[in-house]
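Computed from the coordinates by the stated procedures, all read-outs in this text should not be read as laboratory data. These numbers were taken from a predicted model, which means no experiment stands behind them. Backbone-built Cβ (ideal geometry, glycine too); neighbour counts: all protein chains shown.
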Amino acid sequence: MAIVAGLAFIWWLAAAATGPEAYSTFLAVATSWFGYLVGIGLTWAFFQHMANGIRHFVMDVGAGFELKTNKLGAMIVMVVPLLITLMIWATILAKLARGAN
Amino acid sequence: MGSGTGLGRVRGLGSARHGSMHWWRQRVTAAGNLFLASWFVVSLLRLPSFEHAAIVGWIASPLVAVALILLTISVFYHLRLGLQVIVEDYVHEEAGKVFFVLLLNFYAVAGAALAIFSILKIAFGGVAA
């Protein structure tokens with residue numbers, strides 16, 4: 001994520017700053033099947049990282065170490081990122097299908 | 001363990017005593033990322049289109065441009081700290097360790113510089129929408 005998402009973020013900004021042609025190259029790659037695969041994977045990895053990070057914050061202050069609470073937290077961290085990824089890509093694909101792009 | 005002798009520290013043995021600052025900055029940037037990246041994802045989803053004109057018009061507004069720059073700094077600092085720990089944990093040869101941390105520093109600084117320059121160029125009207 002630090003490498004692939006970082007490079008994609010830089011490419012997106014640099015392409016937008018370069019001009020419409022460079023940006024359409026970026027968009028063409030991003031909306032190819034490979035682009036979707038990487039995009040969906042990164043979305044999931046990102047929210048997995050974020051959820052684990054929030055769990056770390058909670059545990060850093062010494063909370064949630066009881067066995068049941070701890071296990072519940074671990075389950076939430078596994079399930080919620082999948083749901084968020086699903087919701088985000090349903091939104092994006094619906095938007096693209098409507099021809100908004 | 002122990003703090004070692006002065007000579008030992010000169011030879012690179014023992015702690016550099018930067019550990020707790022590394023740990024703390026990792027959490028400071030994590031908190032920054034949490035707010036800024038959430039804003040970023042929600043904002044992208046709320047954009048009417050992902051076309052060039054829409055993206056450039058969005059980035060050009062001051063509040064968006066500044067938030068994007070802060071996001072870039074926080075994210076690239078955070079990933080630099082995180083990947084440094086991976087290198088330190090898994091690259092055992094001293095030369096390789098130095099090489100990869102150096103490479104990581106170059107990547108993080110160059111990547112952030114390119115991203116920030118691009119945001120500023122758009123924000124200062126250097127790109128025809």
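Structural remarks
- For the range A:32-101, the calculated P(r), taken from all Cα-Cα distances in 5 Å bins from zero up to the bin holding the longest distance, is 3, 16, 20, 19, 13, 10, 8, 6, 4, 1 percent.
- Assigned charges on the beta-carbon of Lys, Arg, Asp, Glu; the range B:21-123 dipole about Cα centre (debye): 340
- Estimated FRET transfer efficiency (B:VAL42, B:VAL66; beta-carbon r; R0 22 Å; 0.05): 0.85
- For chain B, the longest principal axis of the alpha carbon atoms and the long axis of helix B:94-123 meet at an angle near 20°.
- The loop-placed chymotrypsin sites (Phe, Trp or Tyr not before Pro) in the range A:36-101, going by DSSP, that have at most 11 neighbouring Cβ atoms within 10 Å of their Cβ come out as A:PHE65.
- Sequence-separation-based contact order of chain B, relative, with Cα cut under 8 Å and 6+ spacing, percent: 29
- Sparse packing (at most 16 other Cβ atoms within 10 Å of the Cβ) combined with a DSSP loop state is found for the following chymotrypsin sites (Phe, Trp or Tyr not before Pro) in the range B:91-129: B:PHE124.
- Placing dummy labels 7 Å off each Cα toward the beta-carbon, the span from B:VAL109 to B:ARG17 is 2.5 nm.
- Screening chain A for whole DSSP H helices with an alpha carbon extent of at least 30 angstrom along the helix axis and a mean Kyte-Doolittle hydropathy of at least 0.0 yields A:33-60, A:67-97.
- Cα gyration tensor shape for the protein assembly as shown, rounded if a/c is under 1.5, else prolate or oblate: oblate
- Span from the the range A:42-101 Cα centroid across to the the range A:21-39 one, whole angstrom: 24
- Shape summary of the range B:21-123, radius of gyration then Dmax from alpha carbon positions: 16.2, 51 Å.
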